[in-house]
1. Which one of 79, 56 is among the charged types (D, E, K, R), on the phi < 0 side of the Ramachandran plot and touching a helix residue (DSSP H, G or I) at 6+ places or on another chain (Cβ under 6 Å)?
2. Regarding residue 272, is this residue under 30 Å from residue 297 (Cβ atoms) and modelled with pLDDT of 95 or more?
3. Scan region 276-331 residue by residue and report those that are on the phi > 0 side of the Ramachandran plot and either within 15 Å of the chain's Cα centre (by Cα) or among the β-branched types (Val, Ile, Thr) (or both).
4. Restricting attention to region 82-109, which residues are part of a loop (DSSP other than H, G, I, E, B) and without any contact (Cβ under 8 Å) to a residue 60 or more places away in the chain?
5. Among the helices (runs of 4 or more DSSP H) confined wholly to region 238-331, which include 1 or more residues that are small (Gly, Ala, Ser), farther than 30 Å from residue 149 by Cα and free of Cβ contacts under 8 Å to residues at least 60 places away in the same chain?
6. Specify which of the listed residues (131, 138) is farther than 20 Å from residue 318 by Cβ, modelled with pLDDT under 95 and not assigned by TED's automatic domain parsing to the domain that holds residue 33.
7. How many residues, within region 110-123, are of a type outside the set (Phe, Trp, Tyr), assigned to a loop (DSSP other than H, G, I, E, B) and touching a helix residue (DSSP H, G or I) at 6+ places or on another chain (Cβ under 8 Å)?
Amino acid sequence: MRRLLSFTAIALAGAALLAGCGGSDEGELTIYSGREEELIGELIDEVAEREDISIDVRYGETPELAATIREEGGNSPADVFFSQDAGALGALASEGLLARLPADVLETVPARYRAPDGAWVGTSGRARIIAYGPDVRASELPASVLELTGPEWEDRLGWAPTNGSFQAFVTGMRVSLGEERTREWLEGMVANGTQSYADNSAIRDAIAAGEIDAGLINHYYVAEAKKEDPDYPVDAYFPPNDIGSMINVAGVGILESSENREEALAFVRDLLTPPSQEYLAEGELEYPLVPGVPVDPSLSPLSEIPDPGVDLSSIDDLEGTLKLLQETGAL
């Protein structure tokens, strides 16, 4: 259990540090962002200017920030949690830490991309993929990620077990396939010598460099690289009707303890307006969730992705996933 406890200790240390900073100033919006600054920092600046809001952003890994908010409870200085995935938002919602959003905000996006209880709303969509390099033949691509435990993939794969998107994917697998089948898969991947990386982009670049042949990441990491360099030697593959093509969302929730509800709601509303949705679609090559905002033409339409249809409101057991990742040696 040592590494799981170390992860928790990091989160608790972060909570202590943030708690020491005190609450946010009245009228200044404090956002805990599990989304990377290089991806959404400019967007947040644009929202702050449009809405005339003073914003303080604290960046970190989604799972750690969620654990920090849980530890801080009603004393959290955070007003908004901007999560990399629906699972972390669901985990906080299940403990009553997120406030219900107004119906008009929730109804801006399709029902499957928001919490049934109104505690969070998706801001953009992303699909899980198998990214692969030039040494992978089309005939090798598996019908399911479950087949990646086969001997033909030994020492050829990469994943990012500490990454929030990966953890949400594993939680989706637990929900969809059950605890034991997920455990078997994780153990098989570990036994197959799957290499661990810090994040999705590191996996993609390792494939391009020839360190590994394939890896499990989000679609837009490949799309971004291809947009910059059409000859970038990594491609995306969607396993048909498989958990490996699961569609998740980045999303936001307002903390129940927030003393800046007006500013927080203005921030959330703006993320669902065309300018913000277009930023995410054009700049980050994510899927806009507000109807009418076009998808980048380089991407497969959401309707064409063989998504297994996991209920995003059901992937909230982050602790159970962390425990399973530790027990199987993935973490």
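The values are calculated or read from the model by the stated rules, or taken from the named source; none is laboratory data. Source: prediction; values computed, not measured. Cβ sites come from the backbone with ideal geometry, for glycine too, and all protein chains shown count toward neighbours.
1. On the way: 56 fails: touching a helix residue (DSSP H, G or I) at 6+ places or on another chain (Cβ under 6 Å).
Of the residues listed, the single one that is among the charged types (D, E, K, R), on the phi < 0 side of the Ramachandran plot and touching a helix residue (DSSP H, G or I) at 6+ places or on another chain (Cβ under 6 Å) is 79.
2. Numbers: under 30 Å from residue 297 (Cβ atoms): yes; modelled with pLDDT of 95 or more: yes.
So residue 272 passes the test.
3. Taking region 276-331 and keeping what is on the phi > 0 side of the Ramachandran plot, we get 285, 292, 309, 329.
Selection gives 285 alone.
4. Of region 82-109, the ones part of a loop (DSSP other than H, G, I, E, B) are 84-85, 94-97, 99-102, 107-109.
Answer for region 82-109, where residues must be part of a loop (DSSP other than H, G, I, E, B) and without any contact (Cβ under 8 Å) to a residue 60 or more places away in the chain: 95, 100, 107.
5. On the way: elements: 261-271, 274-278, 318-327.
In region 238-331, no matching helices (runs of 4 or more DSSP H) lie anywhere.
6. Details: 131 fails: modelled with pLDDT under 95.
Answer to the check: 138.
7. Step one: list which residues in region 110-123 are of a type outside the set (Phe, Trp, Tyr), which gives 110-112, 114-119, 121-123.
Keeping just the survivors that are assigned to a loop (DSSP other than H, G, I, E, B) gives 110, 115-119.
When the remaining residues are screened for being touching a helix residue (DSSP H, G or I) at 6+ places or on another chain (Cβ under 8 Å), the result is 115-119.
Final tally of qualifying residues: 5.
Listed here are the residues, each with its yes/no results for (1) assigned by TED's automatic domain parsing to the domain that holds residue 75; (2) within 30 Å of residue 75 (Cβ to Cβ).
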position	(1), (2)
186	no, no
207	no, no
211	no, no
223	no, no
254	yes, yes
261	yes, yes
273	yes, no
